[in-house]
Amino acid sequence: DQQVKQNSPSLSVQEGRISILNCDYTNSMFDYFLWYKKYPAEGPTFLISISSIKDKNEDGRFTVFLNKSAKHLSLHIVPSQPGDSAVYFCAASARSGGSNYKLTFGKGTLLTVNP
Amino acid sequence: AAGVIQSPRHLIKEKRETATLKCYPIPRHDTVYWYQQGPGQDPQFLISFYEKMQSDKGSIPDRFSAQQFSDYHSELNMSSLELGDSALYFCASTGPSSGANVLTFGAGSRLTVL
């Protein structure tokens, strides 16, 4: 049973436009959400995160939105650049009451930004 | 800055053989996580260690074992290898020095079982 779902395996966007990557989750115990970016032959690299007490977190060109009632989060990249082309993983963890930050991942979305 | 180091980066084994993967966490990180990513799949959590003790266990087969040593490095031992064990194995670490306790991943070890 996939607890974190990324329903779009791939997304293609023109340089300079907005990229929107979506993620849904089913486990209501998740209270911390992260986006990781992965280039070929490299490990996932942390990009941005959001706690369940917030609905938005922004870091430069990257913004993550969280809709707890819908159990949905999205990553917006504006403006998109060719160097953003990578696989983006949505991940979640249940941190309340513990120190184990184990992540549950989605299957990833391959973003291609065309020049 | 030092990152998570995994070795070997690539490993080819025959069915029923044994393989050992090593992970060296970021200095002063005390927690190590192992993940397995099959082709086209999401990374699946296998096992984690905190201060040399197993802290959580996921979908790790009984044929696999792991441990964390006194210098905080970890080893994943895989025996009686099967074709389905072919995957990318990621190690990640976290600790008091990591921002918001975000997991930092190594580049992965690609295991191919023939």
**OP:** Go through the residues of the range B:70-87 one by one and say whether even a single one is within 14 Å of another protein chain (Cβ to nearest Cβ) and either touching a residue at least 12 places away in the same chain (Cβ under 8 Å) or surrounded by 16 or more Cβ atoms within 10 Å (Cβ to Cβ) (or both).
**Re:** yes
Original post:
Could we say that A:VAL64 is without any contact (Cβ under 8 Å) to a residue 40 or more places away in the chain, surrounded by 20 or more Cβ atoms within 10 Å (Cβ to Cβ), of a type in the set (A, V, I, L, M) and farther than 30 Å from B:GLU51 by Cβ here?
Top reply: yes
Subject >> Inter-residue pairs, beta-carbon under 7 Å, first part of a helix (DSSP H, G or I) and in the range A:71-88, second not acidic (Asp, Glu), 6+ apart >> reply: A:PRO82/A:VAL113; A:PRO82/A:PRO115; A:ASP84/A:SER19; A:ASP84/A:ILE77; A:ASP84/A:LEU111; A:ASP84/A:VAL113
Subject >> Residue ID - surrounded by the most Cβ atoms within 10 Å (Cβ to Cβ), chosen from residues in the range A:1-21 that are farther than 20 Å from A:PRO115 by Cβ and in contact with a Leu (Cβ under 8 Å, 6 or more places away or on another chain) >> reply: A:GLN6
Original post:
Is the range A:39-52 home to any residue that is more than 10 Å from every other protein chain (Cβ to nearest Cβ), touching a residue at least 12 places away in the same chain (Cβ under 8 Å) and surrounded by 22 or more Cβ atoms within 10 Å (Cβ to Cβ)?
Top reply: no
Subject >> Count of residues meeting criterion [crowded, with 19+ Cβ neighbours inside 10 Å and either outside any strand (DSSP E or B) or without any contact (Cβ under 8 Å) to a residue 60 or more places away in the chain (or both)] in the range B:1-15 >> reply: 1
Original post:
How many of the residues in the range B:23-39 are surrounded by 13 or more Cβ atoms within 10 Å (Cβ to Cβ), of a type outside the set (Phe, Trp, Tyr) and touching a residue at least 60 places away in the same chain (Cβ under 8 Å)?
Top reply: 8
Original post:
Taking the range B:88-114 as the search range and keeping residues that are farther than 17 Å from A:LEU103 by Cβ and outside any loop (DSSP other than H, G, I, E, B), which one is farthest from the other protein chains (Cβ to nearest Cβ)?
Top reply: B:VAL113
Original post:
If the Cβ limit is 7 Å and pairs must be 6+ apart or interchain, which residue in the range B:49-64 that is touching a residue at least 24 places away in the same chain (Cβ under 8 Å) pairs with which residue that is among the aliphatic types (A, V, I, L, M) and outside any loop (DSSP other than H, G, I, E, B)?
Top reply: B:PHE49/B:VAL32; B:ILE60/B:LEU46; B:ILE60/B:ILE47
Original post:
What are the residues in the range A:1-53 that are touching a helix residue (DSSP H, G or I) at 6+ places or on another chain (Cβ under 8 Å) and hydroxyl-bearing (Ser, Thr, Tyr), if any?
Top reply: A:SER19, A:SER49
Original post:
Restricted to the range B:40-61, and to residues that are closer than 23 Å to A:ASN7 by Cα and at the interface with another protein chain (Cβ under 7 Å from one of its Cβ atoms), which residue is surrounded by the fewest Cβ atoms within 10 Å (Cβ to Cβ)?
Top reply: B:GLN41
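Read-outs: derived from the displayed coordinates by stated rules, not from any lab. Note that this is a predicted model, so its numbers are computed, not measured. Quick reminder, even Gly has a Cβ in these numbers, built from the backbone with ideal geometry, and neighbours come from all protein chains shown.
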